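Engineer: Please read through the structure below; I'll follow up with questions.
The values are calculated or read from the model by the stated rules, or taken from the named source; none is laboratory data. Since the structure is predicted, the reported quantities are computational estimates derived from the model, not experimental observations. No Cβ is skipped: glycine too gets one built from the backbone with ideal geometry, and neighbour counts run over all protein chains shown. The protein model used for the area step is the full one, side chains on, heavy atoms only, and it has no ligands, DNA or RNA in it. Shrake-Rupley method; radii C 1.70, N 1.55, O 1.52, S 1.80 Å.
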Amino acid sequence: MENKELSNLLSKIGNQKDRLAFKSIFEYFAPRINAYLIKTGSNKDLAEDLTQEVMTVIWNKADLYNSMKSNVSTWIFTIARNKRIDSLRKKKDPKYNEIDLISSLYDQENEEKLSEDNNFFHKLSQKLNENDKILINMNFFEGKTHKIISETLEIPLGTVKSRIRKILSKLRENI
Amino acid sequence: MEKSSNLKNELIFSYAAGTASINKSLLAATYLFLNSNERKVFSFFEGICGSTLNNYQKIKPKKFTAEDCMIENKPSQSKSEIKNIDINGPLGNFIDSYNKINWKKIFKGFDEYEFSVSPSEKAKLIKLAPNTRIPLHSHQGQEYVLVLEGSFKDEFGTYKKGDLQINDLRIKHTPVSCPINGCICLSIVENDLIFYGPFAPILNIITFLKSFFSFNK
């Protein structure tokens, strides 16, 4: 689904609490968020709980989405990402509920507007070859260290490090 | 410098992806707060992370439907009272003012303050009085030093407010603070320092004992 279409659906939810629009957003994103959470280490039960929380946030806060600041996938990704970190933190530290630390670390007003749309980022990530995608996924989404990646993929540690750095530099060149 | 910019890319990307540790997230958030240009890089990386959502093979949730999510959230509790803080940005959530900190003297001109960002992770503020020199050392793991106030210089250059230096075992350096203002830095260290030179044996034993007792607290 194109970003423009997704953005229109969100504004209908935000302005009119349009249930039909929410169902379309749900159909598109809930299975993907669930997959993202499972791939990044949550068990099936927890992934579903968190997905439900994310979708409830979207229902309640769609009016806060600003299409000038980010595209819909990014906005929803940030909600899912923060829920995931929250759940990991709560697991490690039962007292964690007392402070909303993650929000404080991510809640920065970012005036840097990006003109690129979802399609641009999608094309850019498609430009990466399969090996690059595997490295980025393992390192940054599954949180695996360079050493573990090196052992799992049976490639030298130095190669893992230099390839990851090269990929990020290559991506950054597109800004 | 090339290497350092690569490491900054990794820090910002892992922060955008949400897989950076909490102390590195604090470091990244503070670094971005002080560097508006880098916030664009963060937004860009966040855009790439967001686009990956479209690539996941769909796994349909079984326990709930869209209807179950269309419930009104209770209005969120109003945020805690506005604190009187001197430090802006993410660090202000942990520290109110550099002047109210109970600094611990390490040696003449070198004070530090260690604080917890989570039960298992710590960060450190370092305060160097004007013209203080830290003996030649390197780092077993990576050391991230973000200048918050003032400046310092070493064999690799001068670092001012907002500059981030990333060091490891391959880098030996002798930082010296600015002769007029000194400096205050946020430091995240993965492992202990290794000192070199005439006082190295004593300094390394002190470092070992300090980390041993801090680990067992």
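Engineer: Could you pull out the GluC sites (Glu not before Pro) across the range A:131-175 that fall in loop regions by DSSP (anything but H, G, I, E, B) with no more than 16 other Cβ atoms inside 10 Å?
Structural biologist: Of the GluC sites (Glu not before Pro), the ones in loops of the range A:131-175 whose Cβ has at most 16 other Cβ atoms within 10 Å are A:Glu142, A:Glu154, A:Glu173.
Engineer: Here's another thing I want to ask about it. Using a 1.4 Å probe and counting only protein heavy atoms, how much accessible surface gets buried when B and A come together, both sides summed, in Å² to the nearest 100?
Structural biologist: Numbers: alone 14490 and 12150 Å², together 20570 Å².
The buried area between B and A, both sides summed, comes to about 6100 Å².
Engineer: Separate question: Using the Cβ atoms and a cut-off under 9 Å, what net charge is assigned to the surroundings of B:Ala129, where Lys and Arg are +1 and Asp and Glu are -1?
Structural biologist: On the way: positive: B:Lys108, B:Lys127; negative: B:Asp111.
Here the count lands on +1.
Engineer: Another question about this same structure. From the cross-link list A:Lys127/B:Lys172; B:Lys60/B:Lys122; B:Lys122/B:Lys161; B:Lys8/B:Lys60; A:Lys133/B:Lys58; B:Lys40/B:Lys160, which pairs have alpha carbons spaced over 28 Å apart?
Structural biologist: In this structure, A:Lys127/B:Lys172; B:Lys60/B:Lys122; B:Lys8/B:Lys60 exceed 28 Å between Cα atoms.
Engineer: Also: Non-local amide H neighbours of B:Lys122 (under 5 Å, H modeled in plane, Pro and chain starts lacking H): which ones?
Structural biologist: Counting only residues 5 or more places away or on other chains, the set is B:Val117.
Engineer: Residue-wise, which Karplus ³J(HN,Hα) couplings in Hz belong to the range A:165-174, taking 6.51 cos²θ - 1.76 cosθ + 1.60, θ = phi - 60°, and x for glycine or proline?
Structural biologist: In residue order, the calculated couplings are 5, 5, 4, 5, 4, 4, 5, 5, 4, 7 Hz.
Engineer: Which GluC sites (Glu not before Pro) in the range B:1-55 sit in a loop by DSSP (not H, G, I, E or B) and have at most 14 other Cβ atoms within 10 Å of their own Cβ?
Structural biologist: Numbers: sites: B:Glu2, B:Glu10, B:Glu38, B:Glu46; in loops: none.
Listed in order of number, the matching sites amount to none.
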